[in-house]
1. Specify the angular offset, from 0 to 90 degrees and rounded to the nearest 10, of the alpha carbon long axis of helix 11-85 from the longest principal axis of the alpha carbons in the chain.
2. ³J(HN,Hα) across the range 157-170 via Karplus (A = 6.51, B = -1.76, C = 1.60, θ = phi - 60°), whole Hz, x for Gly/Pro?
3. Report, by chain and number, residues whose modeled amide H sits under 5 Å from the one on Arg169, excluding near sequence neighbours (fewer than 5 apart, same chain).
4. Out of the DSSP beta bridges found with both residues in the chain, what percent are antiparallel (nearest 5)?
5. Compute the relative contact order of the range 48-118 as a whole-number percentage, counting only Cα pairs closer than 8 Å that sit 6 or more residues apart in sequence.
6. Please list Leu77, Leu82 in order of solvent-accessible area, largest first, computed with a 1.4 Å probe with all protein chains present.
7. Can you give me the long-range amide H partners of His129? Hydrogens built in the peptide plane at 1.01 Å from N, cutoff under 5 Å, separation of 5 or more residues or another chain.
8. Under a 1.4 Å probe, what is the accessible area of the range 10-60 per residue, stated in Å²?
Amino acid sequence: MSDQAGPAPGSNEAEAATLGERETKATEQADALAKMEDLWRRALADADNVRKRAARDGAQVRAQERAAVSLAWLPVLDNLELALAHAPAAGDPLVDGIVAIRSQAIDTLSRLGYPRIDAENVPFDPRIHEVVSVSETDEVPPGTVLSVLRPGYGGTDTILRPAAVVVSRAVNADRG
């Protein structure tokens, strides 16, 4: 006979039950880990979305404040131009100083993203122009800016103030 005894009766069943419990516990722990990992990924995504939203909102607030300050300075620039329109002939040091200040103000607005809109003989663009008068002429195509009465500032995306313009219209013989 052999010195080794066979497994005790019922021990296979006990080991199988223990093994089943371990597998069940391992499955539960894996599920719990997967849930925690999912929650962690969601929290990470939420934090990233908050960061992106804050950056976007901050940029928008800065752009609104830049526009508000620039808009507040437009009457000052308009008054400088009005002073130059009524100034004596060039060569006067005071007039030269006002011209320099006006140029500096225009450059500053341009650097802030609001370039001057004062081009004549260009096609009318409703995004940057405001029609204040229409003139019949056959010298230029209809819809051409003939003159700028008040300059505008901005671009097609960020308009601070549209340019007030006189636009051409085709001559109509029926109108008297």
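1. 10
2. 8, 10, 8, 8, 8, x, 6, 7, 10, 9, 10, 7, 9, 5
3. The list, which skips near neighbours in sequence, is Ser135, Glu136, Thr137, Gly143.
4. Values: 9 of 16 bridges.
The antiparallel fraction comes to roughly 55 percent.
5. 24
6. Order by accessible area, largest first: Leu82, Leu77.
7. Result for His129 returns Ala163.
8. It amounts to 88 Å² per residue over the range 10-60.
The values are calculated or read from the model by the stated rules, or taken from the named source; none is laboratory data. This one's a predicted model, so the numbers in the text were calculated from it and none came from an experiment. Glycine gets a Cβ as well: all are built from the backbone with ideal geometry, and neighbour counts include every protein chain shown. For the accessible areas, the whole protein counts, side chains as well, though only heavy atoms, and no ligand, DNA or RNA atoms are used. Shrake-Rupley method; radii C 1.70, N 1.55, O 1.52, S 1.80 Å.
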